[in-house]
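The values are calculated or read from the model by the stated rules, or taken from the named source; none is laboratory data. Quantities reported herein were computed from a predicted structural model and do not represent experimental measurements. We place every Cβ from the backbone using ideal geometry, glycine too, and count neighbours over all the protein chains shown. Note: areas computed on protein heavy atoms with side chains; ligands, DNA, RNA excluded. Shrake-Rupley method; radii C 1.70, N 1.55, O 1.52, S 1.80 Å.
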Amino acid sequence: MAKGRGSAIVVAMVIMGMLMLPQVAEAASYVVGGAGGWTFNVDAWPKGKRFKAGDTLVFNYNSGIHNMVAVDKKGYDSCSAPSSAKVYQSGKDQIKLKKGQSFFICSIAGHCQSGMKVAVSAS
């Protein structure tokens, strides 16, 4: 009987692992702004897209003239980043989405106000 319990535990662990696998396999990668990348007037880019926790947003841009900052809703609405915010500047930044809303702006003067910002919601 001890062998039977051990086998049942192994089978249960294998089944649990298989159930978790589709969630990992389904993660998608999105280039923010599409072919044009992270630039002006991308604020409408997320419309019609369904994001999930674990998906990756790729921000491709000219690092000499732009950046990317993850902000909260207030920062998104006001186009301002707190001094403690991490400023991404590689030109090829990748952000893995967590469940809920995420907000991103370019903090270079005037860029966010010109539509260089996105808000996404991941389920």
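See the values below:
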quantity	calculated
Cα gyration tensor, segment 32-123 - rounded (a/c under 1.5), prolate or oblate	rounded
Accessible surface of segment 16-123 [probe 1.4 Å, protein heavy atoms]: carbon and sulfur percent	54
Dipole magnitude of segment 71-123 about its Cα centre (Cβ charges: Lys, Arg +1; Asp, Glu -1), debye to nearest 20	220
